[in-house]
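Student: Take this structure first; my questions come after.
The values are calculated or read from the model by the stated rules, or taken from the named source; none is laboratory data. What you are looking at is a predicted structure, and each value in this text was computed from that prediction instead of being measured. Heads up, the Cβs are rebuilt from the backbone with ideal geometry, glycines too, and the neighbour counts pull from every protein chain shown. Note: accessible area is taken over every heavy atom of the protein model, side chains too, but ligands, DNA and RNA are not part of it. Shrake-Rupley method; radii C 1.70, N 1.55, O 1.52, S 1.80 Å.
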Amino acid sequence: MAVLLPSLCVDQVTDITQDTLRALGVRALILDVDNTLSSHGSQEPFPGALAWTKQMLQSGIKITIVSNNFEKRVAPFAEKFSLPFISMALKPLPVGYLRAVKAMGVKRKETAAVGDQVFTDIAGANFSRMKSILVVPKGKESFLRFGWRRALEKPVRQKARRLGLWETGKKGETK
């Protein structure tokens, strides 16, 4: 289960602070799109996501969006954030993560990947030997498409909570 356990868990991406990243030794973030920065398939960012990203960039944190979606989905979304992106990343394989690290000019140990899915976002970051931050998925999801995945993720989220990996005050439950 170690490859599935995140380095840290938060309720939403905007709960990640500069102090938290400093404590983890993180200078760069790899961000997922669906259910992390926006609802699944939506081009509208979650409230606060744009401002949070701008604040992180101003503080010197490098950011790249890495998604398994097609460029047609990811490019216009990344443009709203003025961020570079990698589409068709093949998560959980390391290829997309390693391309992002190289493009940002940072080391893997200085990078954290943020996402809502244990078996793609978190496993991929851990396979890539970088830190991983799990968020609670936001937005509506198709039960047929995501229900079984979320059920399989539940024990991992519960273990993360038992191990104290959740930021203070965060529940860590999938809604």
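Student: Mind checking whether some residue in segment 55-66 is within 25 Å of L5 (Cα to Cα) and in contact with a Gly (Cβ under 8 Å, 6 or more places away or on another chain)? Give the steps one after another, and end with the answer.
Tutor: First, the residues of segment 55-66 that are within 25 Å of L5 (Cα to Cα): 56, 61-66.
Checking the rest, the ones that are also in contact with a Gly (Cβ under 8 Å, 6 or more places away or on another chain) come to 62, 66.
Checked segment 55-66: at least one residue is within 25 Å of L5 (Cα to Cα) and in contact with a Gly (Cβ under 8 Å, 6 or more places away or on another chain).
Student: Out of (1) open to solvent by 40 Å² or more (accessible area, probe 1.4 Å); (2) over 27 Å from Q158 (Cα atoms); (3) in contact with a strand residue (DSSP E or B) (Cβ under 7 Å, 6 or more places away or on another chain), the odd one out for A100 is which?
Tutor: (1)
Student: Let me ask you something else. Write out, first by first residue and then by second, each pair whose Cβ atoms fall under 6 Å of each other, whose residues are 6+ apart or on separate chains, and whose first residue, in segment 1-12, is over 16 Å from Q158 (Cβ atoms) while the second is assigned to a helix (DSSP H, G or I) and among the acidic types (D, E).
Tutor: Qualifying pairs under 6 Å: none.
Student: Would you pick out the residues in segment 4-52 that are on the phi > 0 side of the Ramachandran plot and at pLDDT 95 or above? Spell out how you get there, then give the answer.
Tutor: Initial filter on segment 4-52 (on the phi > 0 side of the Ramachandran plot): 25, 35, 41, 48.
Scanning segment 4-52 gives G25, G48.
Student: Considering only segment 27-49, how many residues are of a type outside the set (S, T, Y), open to solvent by 10 Å² or more (accessible area, probe 1.4 Å) and touching a residue at least 60 places away in the same chain (Cβ under 8 Å)?
Tutor: Let us first name the residues in segment 27-49 that are of a type outside the set (S, T, Y), namely 27-35, 37, 40-41, 43-49.
Still in the running and open to solvent by 10 Å² or more (accessible area, probe 1.4 Å): 27, 32, 34, 40-41, 43-48.
Filter once more, so that each one left must be touching a residue at least 60 places away in the same chain (Cβ under 8 Å): 27, 32, 34, 40, 46.
So the answer is 5.
Student: Another question, then. Out of all the residues in segment 50-83, which are open to solvent by 40 Å² or more (accessible area, probe 1.4 Å) and outside any loop (DSSP other than H, G, I, E, B)? Working first, answer last.
Tutor: In the first step, residues of segment 50-83 are kept if they are open to solvent by 40 Å² or more (accessible area, probe 1.4 Å); the result is 50-51, 54-55, 57-60, 62, 68-72, 76, 79-80, 82.
Within segment 50-83, L50, A51, K54, Q55, L57, Q58, K62, E71, K72, P76, E79, K80 meet the criteria.
Student: Collect the residues in segment 106-125 that are assigned to a helix (DSSP H, G or I), open to solvent by 10 Å² or more (accessible area, probe 1.4 Å) and more than 13 Å from L90 (Cα to Cα), keeping them in residue-number order. Don't jump to the end; show me each part of the working.
Tutor: Going through segment 106-125, the residues assigned to a helix (DSSP H, G or I) turn out to be 108-110, 118-125.
Narrowing further to those that are open to solvent by 10 Å² or more (accessible area, probe 1.4 Å): 108-110, 119-120.
R108, K109, E110 - these are the residues of segment 106-125 that are assigned to a helix (DSSP H, G or I), open to solvent by 10 Å² or more (accessible area, probe 1.4 Å) and more than 13 Å from L90 (Cα to Cα).
Student: So which of T64, T111 is touching a Pro at 6+ places or on another chain (Cβ under 6 Å) and either polar (S, T, N, Q) or without any contact (Cβ under 8 Å) to a residue 60 or more places away in the chain (or both)? Write out each step before concluding.
Tutor: Numbers: T111 fails: touching a Pro at 6+ places or on another chain (Cβ under 6 Å).
Exactly one residue qualifies, and that residue is T64.
Here is a yes/no grid of residues against (1) over 23 Å from S39 (Cα atoms); (2) modelled with pLDDT under 95:
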position: I61; (1), (2): yes, no
position: E71; (1), (2): no, no
position: E79; (1), (2): no, no
position: P84; (1), (2): no, no
position: M88; (1), (2): no, no
position: L93; (1), (2): yes, no
position: K107; (1), (2): yes, no
position: T111; (1), (2): yes, no
position: D116; (1), (2): no, yes
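Student: On to the next question. In segment 29-49, which residues are acidic (D, E) and part of a loop (DSSP other than H, G, I, E, B)? Write out each step before concluding.
Tutor: Here is the first cut: in segment 29-49, the residues acidic (D, E) are 32, 34, 44.
D32, E44 - these are the residues of segment 29-49 that are acidic (D, E) and part of a loop (DSSP other than H, G, I, E, B).
Student: Right, another one. Go through segment 28-60 and count every residue that is farther than 23 Å from P92 by Cβ and of a type outside the set (S, T, N, Q).
Tutor: 13
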